[in-house]
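Just below is one structure, and these are the notes that go with it.
Just so it is clear, none of the values below were taken in a lab; they were calculated from the coordinates. Given the structure is predicted, the values throughout are model-derived calculations rather than measurements. Virtual Cβ from ideal backbone geometry, glycine too; neighbours counted across all protein chains shown.
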Amino acid sequence: MLLRFLKRRQTAPFASRVAGFFAPLILSLAATIHSAAAQSIDVIRDAEIERVMRSYEDPILKAAGLDPHSVKLYLVNDPEINAFATQSPVPGESESIFVNAGSFLQLKTPNQLIGILAHETGHIAGGHIVRDSSAIRKAAIPMLLGLALGAAVMAMGGGAAGIGLIGLGQKAAQAQFFQFSRAQEATADQMGQRYLLATHQSGRGMLEVFNKFAGMEAEITYSHNTPLITDHPLSRERIELLQQLVEKSPYKDAKDSPATLHTFHLMQAKLAGFLDKVDTVLQRYPPSDTSEEAHYARAIAYFRKPDMKMAIDEANTLVKLDPKNPFFWEILGQIYVEMSQPQNGILPYEKSVALAPDEPLLRLSLAAAQIATGKPQFAKPALDNLKIVLRQENNNGFAWYEAAQAYSDIGNEPMANLSTAELHYNNGNYNAAVHFAGVAQRKLPAGSPDWQRATDILAISKSNSDSRQ
């Protein structure tokens, strides 16, 4: 059974071929290549950052003629600049785009990150993603939808940055992947530039990132004294063609708006606060810096230090500067909860939910705070919040864990067992899912929807467990 705040990392099994933006850099630095069956991605969930990524990507998807609801965006806990697209292993999603946290931290402008997303959208729209139905059926993302950034930071032991390595299997599989990708990159560039043109955005950001990568590629090749094996060939011809496309656009000199830049800087500060060393954060955002992003970064760094008084002071400054920002209230609530004062965290979380009622991760954090108090009067409100979360994210493992706790707190053990079965089912632990679904089924009213759900979990989990034998 998981601890309440998930004191461990969550990784996402991954068995589908990807089309990446600059995967070779990560591959050249990877110390270990996992087998295809053990590939994993270290994913961070955060409602605010996901909202920002969606604001960048949705117009691009629409310009490409794709349904934004069919493409999921994920943030990867990796410090390098990278993004990649893949056929999604999650039912109901067509494709997924994974963006490294380092893309936020290292890039200078939103336009550069948008350029990366436009390129990945080109891979999707161009049909470059190979669909392996067998691999997709076997793939799962256990707990992927379960963590707000706060929970992820707790899972990482207080926010220490981790590097997610993406294994691509044996050398033969790598060679096949490289051959596949080399044939598609220039096309993805051109299609991405077309979408930027259609959305009246500059293509210069994409070009700037490619020029940056070209320099990095040359440096790595020189330092290792061997050519860099690459599936994204950064030839001079390719960059020159990209340059021509950029210069032809009437929007080549379009700039990010001040509001867009400000939001981007807030995301950089938030990620730096959680993932960088505390001393590094406080040097980058000293007390003399009174910007919102500096207060944001310091609030997070101080509670990681830990210095609760300074963390609360900085968070309170944030909510005074912008009381309508739900994510400033969220960080105040998170500080209280993670510093063992969950009841004090409830009001800030309630304010965050009131300001952004459609953000399931905020509501999940509120429910977790309510349950963490250990007080019976909060169990029912927590369960009400969790039911809303699970209507939006039914495969959210952390929500199912909290639901099991809430049902147990109100004395409904059959539903606690069914929720635990859902947790293990979504986590791919089919033997445990069979056990808890069976226990729940015997106590639930025969023929009821919950009884039927337990029956379904039993049947599917037994089948999946048998197929692994």
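Listing for the model above:
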item: Candidates per trypsin sites (Lys or Arg not before Pro) in the stretch 411-469, loop by DSSP, up to 12 other Cβ within 10 Å; result: 468
item: Extension gain from residue 238 to residue 288, taking 0.36 nm per residue of separation minus the Cα-Cα distance; result: 13.5 nm
item: Protection proxy ranking of 248-260, 59-71, 364-376 - average other beta-carbon atoms within 10 Å, highest first; result: 364-376, 59-71, 248-260
item: Pairwise Cα inverse-distance average, inverted: Kirkwood Rh of the stretch 267-312 (Å); result: 9.9 Å
